[in-house]
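*Asks:* Quick one: structure below, then a few questions.
The values are calculated or read from the model by the stated rules, or taken from the named source; none is laboratory data. Quick caveat: nothing in here was measured; it's all calculated off a predicted structure. In this analysis, Cβ positions are derived from the backbone assuming ideal geometry, glycine residues included, and neighbour counts consider all displayed protein chains. Just the protein is used for accessible areas: all its heavy atoms, side chains included, with ligands, DNA and RNA removed. Shrake-Rupley method; radii C 1.70, N 1.55, O 1.52, S 1.80 Å.
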Amino acid sequence: MKAVVVAAGRGSRLRGGRGVKPLTMVAGRTLLDHVLSALKEAGLAGAVVVAGYRAQELEAHAEALGARLSFPVTVAVNADWERGNGSSLLAAAGAVEGPFILTMSDHLFDPAIAAMLSACDAAADIVLAVDERLDNPLVDLDDVTKVYAEAGRIIEIGKTIGRWNAFDTGLFRMTPAVFDVLSSVGAGRAELGISDAVRALAGRGRARVAPIGERFWIDVDNETMLDLAESALAGTRANCA
């Protein structure tokens, strides 16, 4: 099974948008390096990295990382990246066959989460890894995408929903049916998000959740979260010493 890594956005809230967000250094390595290394450790067969903002720079780095890690990496370019992360996922439609793991280039995570999703055999087009620790100190409550699930099914998802019992970690197991749904719900729309596809499939009972338990993840979306990620990774290294 392959992974798709959405790495197309500008990331204006991190380093003032001056650099390429996936190339931001965290604990001595780029965000993208952390993500691809975790995917390899999880047993994935390779990754499709979707580039957008400053695509040539990101493409060169991603391909070099793949070679260094001995992990097959291809790059798909989304020229329409400003439209939203849903359009970036669509840019990978021709690069994967069968189920795949989706993640974001600014999310750091325990490889066990991706391994859990890749082994999942749920009869659903989307399985979203969720964090049920509503007091998790590594979550930015004002920015995180929230999820309300019942009996394992996603009922609501969004940043501003009125009720929630889990957080979206940014890691999914998806089938190619997602691409058709994105094309359909995005027709004529200026913006397209991955959550739009999740909502559409949830309405059909085809979107489920997989709790991650105590496993680590963090969305590095601004300076505060970058500092938290640095501290969390330093703690992980200390615990393993």
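*Asks:* In the range 45-84, what count of residues is obtained for those that are free of Cβ contacts under 8 Å to residues at least 40 places away in the same chain, surrounded by fewer than 17 Cβ atoms within 10 Å (Cβ to Cβ) and in a loop (DSSP other than H, G, I, E, B)?
*Replies:* 4
*Asks:* Please work out which one of (1) in a helix (DSSP H, G or I); (2) aliphatic (A, V, I, L, M); (3) at pLDDT below 95 is the condition Ala200 fails and give its number.
*Replies:* Exception for Ala200: condition (3).
*Asks:* Among the residues of the range 206-230, write down those that are among the polar types (S, T, N, Q) and touching a Lys or Arg at 6+ places or on another chain (Cβ under 6 Å).
*Replies:* Scanning the range 206-230 gives a single hit, Asn222.
*Asks:* Going by what's in this entry, would Arg189 be described as without any contact (Cβ under 8 Å) to a residue 40 or more places away in the chain, out of contact with any Asp or Glu (no Cβ under 6 Å at 6 or more places or on another chain), open to solvent by 20 Å² or more (accessible area, probe 1.4 Å) and not in a helix (DSSP H, G or I)?
*Replies:* The answer is yes for Arg189.
*Asks:* With assigned to a loop (DSSP other than H, G, I, E, B), without any contact (Cβ under 8 Å) to a residue 12 or more places away in the chain and closer than 20 Å to Asn85 by Cα as the only criterion, which of Asp142, Asp135 stands out?
*Replies:* None of the others qualify; the one that does is Asp142.
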